[in-house]
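The next block holds one structure in the form of structure tokens; read it before the comments.
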Amino acid sequence: MQQWTPQQVARAAEARPVAEAANGAAPTFVTIDSRAVGPGALFFGLPGANVDGGAFAQQALEAGAWGVLTTPQHAEPLADTATEGVVLTSDDPLKSLQRLATAWRRELGAQVIGVTGSTGKTSTKDLLRAVLSPHRTTVASRANFNTEIGLPLEILNAPVGTEILVLEMGMRGAGQIAELAEIAEPDVAVIVSIGPVHLELMGSIEAIAAAKAELIAALQPGGTAVIPADEPLLAPHLREDVSTVTFGPDGDVRPAETHADAARNDTRLTIDAQGERITLEVPFTQAHLRSNLLAAVAAARAVGVTPSGRVELALSKGRGQRYITPSQVTVIDDCYNANPISMRAALDDLKATATDTDGSRRVAVLGDMLELGPQEHDFHTQLGEQAAEVGVDVLVTVGPLAASIAEGFHGETHSVSDAAEAATIVPELLAPGDVVLVKASRGVGLELVCRALGARDDDA
């Protein structure tokens with residue numbers, strides 16, 4: 001939007017001007033947070049369940065905002081007081097935000113890759129940024145900006161010259177991926193996985209697959225769908241007028257060779273991408289990241305990029321980062337979210353990190369997995385069995401649902417009610433050389449445990 005006049009912004013957002021600035025300058029960024037407003041900002045005052053952002057429109061103008069867009073209730077009183085800022089109004093500011101994002105996406109002319117999945121969508125987005133950035137000007141959505149509000153904000157803040165937009169798309173119910181795809185107009189649809197996430201809301205795994213497949217339905221003819229090779233649940237949703245590329249051991253994009261270099265802490269992966277061999281150096285060994293890399297390579301090739309060289313992966317916070325604490329404990333911070341599939345992958349990672357030969361104890365701090373519906377008890381019990389299979393030495397369960405994990409685990413177990421209690425006892429259980437996995441659904445808040453271990457110094 002950095003090139004648009006106030007009139008262009010108003011037309012694209014389908015908003016009505018209430019007051020126009022004299023200088024005709026363009027906005028430089030968009031925000032819904034009045035605390036982030038500064039010169040050049042276009043502030044959207046969105047009505048919310050608890051707070052009406054429009055009430056801060058005057059404050060935003062006083063802070064030097066380029067302009068504000070909010071409901072008539074808050075915009076019209078500003079007609080005579082906004083001496084320098086632009087004031088726009090719309091009966092539905094969120095819809096205006098989304099329309100403006102679509103218009104800017106078209107103005108950029110960038111290729112758009114939409115990424116969704118029950119697990120792995122954030123790390124796949126991070127991997128796509130890593131493999132694309134050396135070749136094309138790439139913008140990837142931040143952290144959890146994957147909703148009907150966050151996604152348009154990411155599009156609108158993409159600068160002129162952006163060639164590829166990688167947009168993560170979250171799903172809480174049917175129709176939500178379709179809504180996000182309507183805003184983003186993706187050229188490539190990546191579905192990383194289908195699993196029992198949001199079962200409480202969706203009712204069945206087939207319904208989850210159908211909701212994720214809304215991303216495929218949104219593609220224009222000639223687009224590309226990237227899907228797991230071993231996922232029959234997506235078969236009913238494939239299209240003849242869209243190219244389908246599968247990834248995985250039996251996929252169109254599959255692993256060919258793996259060589260580990262312990263001295264450099266690197267792994268060299270050779271990938272067979274539809275007959276083309278691609279060799280990449282990666283700073284990780286996790287099996288689920290290697291699988292997600294295959295999806296990223298497939299999507300990159302769909303936008304004309306052949307990845308090469310070293311993959312400089314920077315994972316989003318809470319998605320499996322490793323920290324070594326001052327007490328020489330290795331912490332795997334995977335506490336952003338959890339479901340049965342990602343828990344299994346994390347336990348496998350714990351097993352691989354703390355090998356049987358180096359004498360490290362495996363400690364698992366596992367919290368509630370939420371929104372699993374009537375089978376929640378069984379999923380948690382099975383998780384305990386999996387923890388036993390990978391050789392967990394000490395299990396700490398956090399929360400009322402997680403207490404069921406202990407039923408399937410027969411080693412040393414400590415069950416606590418919440419993250420605050422876990423943050424108190426876990427440091428006392430650990431010894432130098434231990435490897436501890438910290439993972440739960442987001443609502444449990446296990447970042448408290450990571451901070452208590454000295455593995456985080458932020459408040460995020």
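The values are calculated or read from the model by the stated rules, or taken from the named source; none is laboratory data. In this text, all values refer to a predicted model and were calculated from it rather than measured experimentally. For neighbour counting, all protein chains shown are included, and Cβ atoms are generated from backbone atoms with ideal geometry for every residue, glycine included.
If you filter region 14-39 down to residues that are part of a loop (DSSP other than H, G, I, E, B) and in contact with a strand residue (DSSP E or B) (Cβ under 8 Å, 6 or more places away or on another chain), you find that the one that is farthest from D91 (Cα to Cα) is T28. The set of residues from region 239-248 being more than 24 Å from the chain's Cα centre (by Cα) and not basic (K, R) comprises E240, D241, V242, S243. Going by what's in this entry, would S342 be described as modelled with pLDDT under 95 and closer than 24 Å to G170 by Cα? Taking the combined requirement at face value, the residue satisfies it.
Examine region 3-12 for a residue that is in a loop (DSSP other than H, G, I, E, B), within 32 Å of the chain's Cα centre (by Cα) and closer than 27 Å to T162 by Cα, and state whether such a residue exists. Checking region 3-12: at least one residue is in a loop (DSSP other than H, G, I, E, B), within 32 Å of the chain's Cα centre (by Cα) and closer than 27 Å to T162 by Cα. Quickly run through region 152-175 and pick out the residues that are touching a helix residue (DSSP H, G or I) at 6+ places or on another chain (Cβ under 7 Å) and buried (at least 17 other Cβ atoms within 10 Å of the Cβ). Selection gives P152, I155, L156, A158, T162, I164, L165, V166, L167, E168, M169, M171. Quick check on region 300-326: of everything there that is touching a Leu at 6+ places or on another chain (Cβ under 7 Å) and aliphatic (A, V, I, L, M), which residue is surrounded by the fewest Cβ atoms within 10 Å (Cβ to Cβ)? Out of the qualifying residues, it is L313. No other residue among V396, V329 is under 27 Å from the mean Cα position of the chain (by Cα), of a type outside the set (S, T, Y) and farther than 26 Å from V192 by Cβ apart from V396. Go through the residues of region 305-316 one by one and say whether even a single one is modelled with pLDDT of 90 or more, closer than 22 Å to V245 by Cβ, outside any strand (DSSP E or B) and aliphatic (A, V, I, L, M). The answer is yes, given that some residue of region 305-316 is modelled with pLDDT of 90 or more, closer than 22 Å to V245 by Cβ, outside any strand (DSSP E or B) and aliphatic (A, V, I, L, M). For region 155-176, which positions are within 15 Å of the chain's Cα centre (by Cα) and within 16 Å of L128 (Cα to Cα)? Selection gives L165, V166, L167, E168, M169.
Screening region 110-122 for residues that are modelled with pLDDT of 95 or more and not β-branched (V, I, T) and picking the one that is nearest to K439 (Cα to Cα) gives G114. Is it true that L215 is in the same structural domain as A273 (by TED's automatic domain parsing) and within 25 Å of L94 (Cβ to Cβ)? In short, yes. Total residues in region 127-144 satisfying the condition of being surrounded by fewer than 22 Cβ atoms within 10 Å (Cβ to Cβ) and in contact with a Leu (Cβ under 6 Å, 6 or more places away or on another chain): the figure is 0. Per this entry, L294 is counted among residues that are buried (at least 24 other Cβ atoms within 10 Å of the Cβ) and either out of contact with any Ser or Thr (no Cβ under 6 Å at 6 or more places or on another chain) or at pLDDT 90 or above (or both). Is it fair to say R290 is of a type outside the set (A, V, I, L, M, F, W, C), closer than 18 Å to K351 by Cβ and assigned to a helix (DSSP H, G or I)? Spelling it out, R290 is indeed of a type outside the set (A, V, I, L, M, F, W, C), closer than 18 Å to K351 by Cβ and assigned to a helix (DSSP H, G or I). The condition of being closer than 20 Å to E154 by Cα, out of contact with any Asp or Glu (no Cβ under 7 Å at 6 or more places or on another chain) and modelled with pLDDT of 90 or more holds for V37. Strands (runs of 3 or more DSSP E) fully within region 372-460 that include at least 3 residues being touching an Asp or Glu at 6+ places or on another chain (Cβ under 8 Å) and surrounded by 15 or more Cβ atoms within 10 Å (Cβ to Cβ): 394-398, 435-439.
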